[in-house]
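Read-outs: derived from the displayed coordinates by stated rules, not from any lab. Quick caveat, the model's predicted, so the values are computed rather than measured. In this analysis, Cβ positions are derived from the backbone assuming ideal geometry, glycine residues included, and neighbour counts consider all displayed protein chains.
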Amino acid sequence: MASCARKTLAPHAAVMITSRNPLLRTTYLVTGVVIVILSPVVGAIPGPGGVFVFAAGLAMILQNSQRAKRMFVDVKRRWPKVGHYADMGLRRKSAARRRARDKSQRDSAPAAR
């Protein structure tokens, strides 16, 4: 029955479920949440440290939680500019491919008069 459930998931989701020990994944998820919670404390220190700490915690959460990843995708669809900045911050390969594809489509489209 588990194999049927995996067939309904996206290919990368099946890899995510089986690639790590669940205890290790939970540990990373909790660590990411703690880092996100601590980012305002680090942000009180002069300098941009809180932003980087928050980004590191968010990356850990997104890598280890399918639910958080789905919520992130929903936010990106609803507010594309927020998703663009998040992709830039996370240096996502899919975002780089999307930007290259959009640029080639703009370049190949005939100029409107």
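Go through the range 50-60 residue by residue and turn each phi into a ³J(HN,Hα) via Karplus (6.51, -1.76, 1.60, θ = phi - 60°); whole Hz please, and just put x for glycine and proline.
Result, ordered by residue: x, 5, 5, 5, 4, 4, 5, x, 5, 4, 5 Hz.
Take the Cβ-Cβ distance between residue 67 and residue 106 as r, set R0 to 25 Å, and report the resulting FRET efficiency rounded to the nearest 0.05.
Values: r = 35 Å, r/R0 = 1.40.
It comes to 0.10.
Sort 55-64, 42-51 by packing, meaning the average of other beta carbons within 10 Å per residue, with the highest value first. Walk me through the numbers on the way to the answer.
Details: 55-64: 18.4, 42-51: 11.7.
Ranking the peptides 55-64, 42-51 by packing returns 55-64, 42-51.
State the answer as a single residue: which of 105, 85, 75 lies farthest towards the positive end of the charge dipole of the range 66-107, with beta carbon charges of +1 for Lys and Arg and -1 for Asp and Glu, about the Cα centre.
Among 105, 85, 75, the one farthest towards the positive end of the dipole of the range 66-107 is 75.
With no solvent and one equal point scatterer per Cα, compute the Debye intensity ratio I(q)/I(0) for the range 22-113 at 0.14, 0.23, 0.24, 0.26 Å⁻¹ and report its log10, rounded to two decimals.
-0.63, -1.18, -1.22, -1.27
What is the log10 of I(q)/I(0) for the range 66-107, computed with the Debye formula using one identical point scatterer on each Cα and no solvent, at q = 0.15, 0.16, 0.34 Å⁻¹?
Those come out to -0.39, -0.44, -1.11, one per q.
Out of the trypsin sites (Lys or Arg not before Pro) in the range 37-72, which ones are loop residues according to DSSP with at most 15 other C-beta atoms within 10 Å? Don't jump to the answer; show the numbers that get you there.
Details: sites: 67, 69, 70; in loops: none.
Here no loop site has a sparse enough neighbourhood.
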